[in-house]
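To start, the structure itself, in structure tokens.
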Amino acid sequence: MKRYVDLHLHTCYSDGASQPEELLELVRNSRIQAFSVTDHDTLQGFRAIRKLMDKDDPELITGVELSVTVDDADMHLLAYMFDPDNSQLRQALDDFQSHRSRRGKLMVEKLNELGVDITFDDVLKQSHGTVVGRPHVAKAIFQRGATNTYEEAFVKYIGNDGPAYVPKVNFTPQRAMELIHQADGLAVLAHPGIGDKDKYLDMLIGFGLDGVEAYHPSHQQSQVDRYRHLADRHRLLVTGGSDFHGLNARYDAVGSQKVPYECLEKLKELKK
């Protein structure tokens with residue numbers, strides 16, 4: 001019987017819709033053998049699910065998805081099997097959340113200047129104690145009736161070209177991989193097919209990249225094959241997952257990508 005894993009899942013602690021207990025129940029019903037909670041720039045979802053787990057549950061792999069900027073474009077690096085209590089990583093993630101809060105406050109100020117009557121408390125109510133991001137600002141705008149839909153908040157106000165947009169302060173690729181490796185983890189380029197991020201592969205390998213996410217719902221089979229070939233050529237690990245968010249059917253269901261268990265075994269072999 002073939003065994004599968006899902007190494008890319010999100011909870012409400014970043015930009016997903018599922019509470020930890022909801023995601024864990026989906027994992028239990030998916031019949032996968034292992035999974036990783038890879039919330040953006042926070043370990044809160046991972047820690048919450050770890051506390052809920054029983055001895056018979058699928059194996060939980062430590063994970064996080066770090067937000068990186070290169071050439072003014074967003075990139076995501078997945079970190080796996082690191083020490084979640086590493087002091088440098090924890091401090092960096094705490095600082096990142098502080099930056100995100102300041103960014104949220106600046107967006108609220110710009111929105112107020114544009115006549116949108118929301119407060120930062122409105123945004124915090126939407127974030128439920130998680131990392132503040134544009135989705136929470138958009139929800140606050142929509143809840144206040146300033147737009148007819150949630151999506152319109154991005155188009156009209158806080159999209160990349162919107163009048164209330166404030167750029168993110170992300171990690172550099174070097175800093176992200178430095179933090180991952182200092183915490184004894186492995187660094188993987190997330191969904192390289194989105195925005196052709198594989199063009200940065202040589203640069204990332206030079207910084208110590210360990211793997212590439214080949215299996216992803218945004219990738220066609222030809223891309224999966226290509227990334228597996230690139231991984232073999234550069235002696236990189238191959239990972240994958242559903243990138244489940246549970247929000248507006250964003251990406252696929254838990255366990256849908258059929259990522260072979262061997263991918264996890266090779267992660268563990270490299271760790272040794």
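The values are calculated or read from the model by the stated rules, or taken from the named source; none is laboratory data. Since this is a predicted model, take the numbers as computed values, not measurements. Note that we place each Cβ from the backbone using ideal geometry, even for glycine, and neighbour counts take in every protein chain shown. Side chains are part of the model used for accessible areas, which takes the heavy atoms of the whole protein and leaves out ligands, DNA and RNA. Shrake-Rupley method; radii C 1.70, N 1.55, O 1.52, S 1.80 Å.
Multiplying the residue separation of Asp94 and Arg50 by 0.36 nm and subtracting their alpha-carbon distance yields 13.9 nm. Amide hydrogen proximity for Ala34: with H placed 1.01 Å from N in the peptide plane, the residues at 5 or more positions away or on another chain lying under 5 Å are Asp6, Glu59. Residues in the chain average 48 Å² of solvent-accessible surface per residue, probe 1.4 Å, ligands and nucleic acids excluded.
Measuring nothing but alpha carbons in the stretch 199-272 and taking Rh as the Kirkwood radius, the Rg to Rh ratio lands at 1.00. Shown for the stretch 71-219: the carbon plus sulfur share of the solvent-accessible area, taken with all protein chains present and a 1.4 angstrom probe, equals 45%. Extension gain for the segment Asp72 to Lys266, taken as residue separation times 0.36 nm less the Cα-Cα distance, is 66.5 nm to one decimal. Over the stretch 129-272, the fraction of Cα-Cα pairs per 10 Å bin, rounded to whole percents and listed from the shortest bin up, is 10, 30, 32, 21, 7, 0. Packing, as the average of other Cβ atoms within 10 Å across residues, places the peptides 71-81, 32-42 in the order 32-42, 71-81, highest first. Calculated FRET efficiency, Lys258 to Ser87, Cβ-Cβ distance, R0 = 30 Å: about 0.20 to the nearest 0.05. Working note: Cα atoms of the stretch 88-142, range along each principal axis, descending, whole Å: 41, 19, 14. Per-residue Karplus couplings for the stretch 111-123, computed as 6.51 cos²θ - 1.76 cosθ + 1.60 with θ equal to phi - 60°, are listed in order as 5, 4, 5, 8, x, 8, 8, 10, 10, 5, 4, 4, 5 Hz, Gly and Pro entered as x. Amide H contacts of Thr42 (H built 1.01 Å from N, in plane; Pro and chain starts excluded): Glu65 sit under 5 Å, all sequence-distant by 5 or more or on other chains. The orientation-averaged projected area of the convex hull spanned by the Cα atoms of the stretch 74-177 comes to 7.1 nm².
A Gaussian network model of the chain, with springs between Cα atoms under 10 Å, assigns the largest mean-square fluctuation among Gly63, Gly211, Gly193 to Gly193. The Cα atoms of the stretch 1-73 define a convex hull whose projected area, averaged across directions, is 5.7 nm². Take the cross-link list Lys105/Lys125; Lys2/Lys268; Lys55/Lys125; Lys197/Lys268 and give me the ones stretching past 23 Å between alpha-carbons. Correct reply: Lys55/Lys125; Lys197/Lys268. Projected label points at Arg226 and Asp117, each 7 Å from Cα along the beta carbon direction, are separated by 5.1 nanometres. Of the beta bridges in the chain, as assigned by DSSP with both residues counted there, near 50 percent are antiparallel. Using C-alpha pairs below 8 Å separated by at least 6 residues, the relative contact order for the chain is 22 percent.
Over the chain, the Kirkwood radius and the radius of gyration, each from Cα atoms, give a ratio Rg/Rh of 0.97.
What is the Cα centroid distance between the stretch 30-49 and the stretch 194-229, reported in whole angstrom? Spelled out, the Cα-based centre of one part sits 22 Å from the other. Amide H contacts under 5 Å for Val70: Met75, restricted to partners 5 or more places along the chain or on a different chain, H placed in the peptide plane at 1.01 Å from N.
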